[in-house]
Amino acid sequence: MVNALAVAAVSLAALIVLTPLVMILGTVIAHGMAGLHWSFFTQIPKPTGETGGGMANAIVGSVMILLVASAIGIPLGVGAGIFLAEYGRNVYGNIVRFTSDVLNGIPSIVIGITAYALVVLKQGHFSLLAGGVALGIMMIPTVCRTTEEVLLMVPQSIREGALGLGIPQWRTTVSVVVRTATSGIVTSIMLAFARVAGETAPLLFTALGSTFWTWKLSEQAAAMPLQIYQYSITAYDDLIQQAWTGAMVLIAMIIGTVIFVRFVTNRGMLKGAR
Amino acid sequence: MGTLQKAPAEADSFQDQNPPKLALVPTDKSGILGSVFADVAFRSVVIACAVSVVAIVGLIVLELVTSSGPALHKFGFTFLVKSVWDPVRAEFGALPVIYGTIVSSLLALALAVPLSLGTALFITEICPRQLRTFLATCVEMLAAIPSVIYGLWGIFVLVPLLRHHVAPLLAKYLGWTGLFEGTMYGLSMLAAGVILAIMILPIIASIAREVIMAVPQQQREAALALGATRWEMLRVAVLRNARTGIFGAVVLGLGRAMGETMAVTMVIGNTAQISRSLFAPGATLASVIANEFNEAVGSMHTSALVELGLVLFLVSLLVNAIAQFLVWSVTRGMPARNIA
């Protein structure tokens, strides 16, 4: 009897866990569809009080910030991953691994504070660059850890074969090992994108948000999650509607990426989600 | 018949005269010095990348400490125990904010741990094999949803739901505990706890799943062979063996809950006060920083906010280190067996 109750309780728990997911996705799609016009993707926000306008500048801003972030996050992350896999099976490697996990666990707002102190205070103004730096720092641990994992899965015999043929060590790593693992590294980069694209807190006081077209590195920038946040705490119905539509577009992109990666490689965003 | 000679057809084989030109293999010895230099250069670049990761964390600590220097100097230890948060008179005490962080995180854990453990057990032990990947993907979807969208949903769906339907029931049946007093305006510690619980569910569930899959199959078989029912087998063989790792998963979820910013800012009501009732609004470390940083009045205010960030950093560092150690001690770094 206890057995039956326990099994039922466990099954119920799983069902309860699925409910918020369905509710959130359902609500976002239901509310967001109403505002899905072409103008959403092509117009910038109208002055407060006027209806209409869209989030085009936020979409462009998000893309620019992600570009800056990847310029920082991808080279450092892949390089650190190569170090950990090829040269890091020792105490130095353990230090770097531990530090990377620490960096992964730092709350995103603390990274925002650091980017503020490092970039905004030095430059004297808020900027897209500062937002990109903050998000780039957040990308590093994800890319590094997954790159190391993927490189370790390349069989040792491939390395030995290449070295045995006389290919120099650096060429082995670059052209043989990394090339074998390229798809894994690409998917890890996509997962890092998916995670970082939805981050708002680091952008609150680095990119600051804007209602104009923004693409210059030294200007304030709008970003989709930031714009959604700023609209959702206003009192205007049409801005709140735009927030829902923006949320729908953002979720579609992020969940699309995560599902695609999972479908292709069976690797997930969470460590235990294999 | 002199010395044996190779048959003419084999004297110089085609292979010997035209060795295959493989793309990367060097064909002569002339480039050795160059390739030694390239080896050293590549190794240095890669080491520089790894060192930069450590340097970034060091920079974060350095910036936090220097920027919060004035507040550290002025308030010292009393920062953590005083309750007054007054930007006008530059008096800052973080106790209500720390209280809010602890209460919201504990509430989130209380709600999330049973549900996520149940989900982990269901997915690994009870669920039919075909459903496993689908369910695991669904749980992961919860992790992929950005925090600000949780907040948006929280403001417009969860808070009215709690205010109209859940709060009266809680006040009526559980009001004797003193936790559910006062008027529920909606934006409250309760709403923050519920949203945080939903956000940390996938983390705890996925690590618990990994830990449960690391329990050797012989343990389960031994329990069943001794006549245990399914639940008894789960309790004795699986949960007991995995309990260190599950504890680690819970602590990891706690770390995540404490650092969560956007969703909490949007539903907690942002009032730095200590209140017994869960219906009252509150504030957490992260939500105060998010709200007040851009409008900080004076450098002491900014410095006090950065000191809050330093406290948050240290606490989450400690919690994450404990969690990583606990999980590592069970799985020993081995990847989970791929059931799904």
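The values are calculated or read from the model by the stated rules, or taken from the named source; none is laboratory data. Being a predicted model, the structure only gives us computed values, none of them experimental. Here the Cβ is made from the backbone with ideal geometry for all residues, glycine too, and neighbour counts use every protein chain on show.
Inspect the stretch A:240-252 for any residue being touching a residue at least 40 places away in the same chain (Cβ under 8 Å), under 22 Å from residue A:85 (Cβ atoms) and crowded, with 23+ Cβ neighbours inside 10 Å and give the result as yes or no.
No, the conditions are met nowhere in the stretch A:240-252.
Within the stretch A:155-177, how many residues turn out to be among the basic types (Lys, Arg) and either more than 12 Å from chain B (Cβ to nearest Cβ) or in contact (Cβ under 8 Å) with a residue 40 or more places away in the chain (or both)?
Qualifying residue count, the stretch A:155-177: 1.
What number of residues within the stretch A:89-130 are crowded, with 18+ Cβ neighbours inside 10 Å, assigned to a loop (DSSP other than H, G, I, E, B) and without any contact (Cβ under 8 Å) to a residue 40 or more places away in the chain?
Residues meeting the conditions: 1.
Name the residue, out of B:169, B:201, that is among the aliphatic types (A, V, I, L, M), over 21 Å from residue A:240 (Cβ atoms) and surrounded by fewer than 21 Cβ atoms within 10 Å (Cβ to Cβ).
Selected residue: B:169, the only one of B:169, B:201 that is among the aliphatic types (A, V, I, L, M), over 21 Å from residue A:240 (Cβ atoms) and surrounded by fewer than 21 Cβ atoms within 10 Å (Cβ to Cβ).
Of everything in the stretch A:192-245 that's more than 14 Å from residue A:56 (Cα to Cα) and among the aromatic types (Phe, Trp, Tyr), which residue is farthest from the chain's Cα centre (by Cα)?
Ranking the qualifying residues of the stretch A:192-245, first place goes to A:236.
Would you check if there is a residue in the stretch A:145-154 being facing another protein chain (nearest Cβ under 8 Å) and at pLDDT 90 or above?
no
Quick one: residue B:134 ticks every box in (1) without any contact (Cβ under 8 Å) to a residue 60 or more places away in the chain; (2) closer than 20 Å to residue B:259 by Cα bar one, so which box is it?
Only one criterion is unmet by residue B:134, namely (2).
Which members of the stretch B:166-195 meet the condition of being among the hydrophobic types (A, V, I, L, M, F, W, C), closer than 23 Å to residue B:262 by Cβ and in a loop (DSSP other than H, G, I, E, B)?
Passing the criteria: B:184, B:187.
Regarding residue B:118, is this residue over 16 Å from residue B:280 (Cα atoms), in a helix (DSSP H, G or I), touching a residue at least 12 places away in the same chain (Cβ under 8 Å) and not β-branched (Val, Ile, Thr)?
no
Say whether the condition of being facing chain B (nearest Cβ under 9 Å), part of a helix (DSSP H, G or I) and more than 24 Å from the chain's Cα centre (by Cα) is met by at least one residue in the stretch A:33-56.
No, because not a single residue in the stretch A:33-56 is facing chain B (nearest Cβ under 9 Å), part of a helix (DSSP H, G or I) and more than 24 Å from the chain's Cα centre (by Cα).
Can you tell me which residue among A:271, A:216 is at pLDDT below 85 and either assigned to a helix (DSSP H, G or I) or farther than 28 Å from residue A:119 by Cβ (or both)?
A:271
Quick one: which helices (runs of 4 or more DSSP H) lie wholly within the stretch B:14-102 and hold at least 1 residues that are facing chain A (nearest Cβ under 9 Å), within 30 Å of the chain's Cα centre (by Cα) and under 30 Å from residue A:85 (Cα atoms)?
Counting at least 1 such residues, we get B:32-67.
Look at the stretch A:227-244 and say how many of its residues are facing chain B (nearest Cβ under 10 Å) and not in a helix (DSSP H, G or I).
Of the residues in that region, 1 qualify.
Output the residues belonging to the stretch B:264-317 that are facing another protein chain (nearest Cβ under 10 Å), of a type in the set (Gly, Ala, Ser) and part of a helix (DSSP H, G or I).
B:286, B:287, B:290, B:309, B:316
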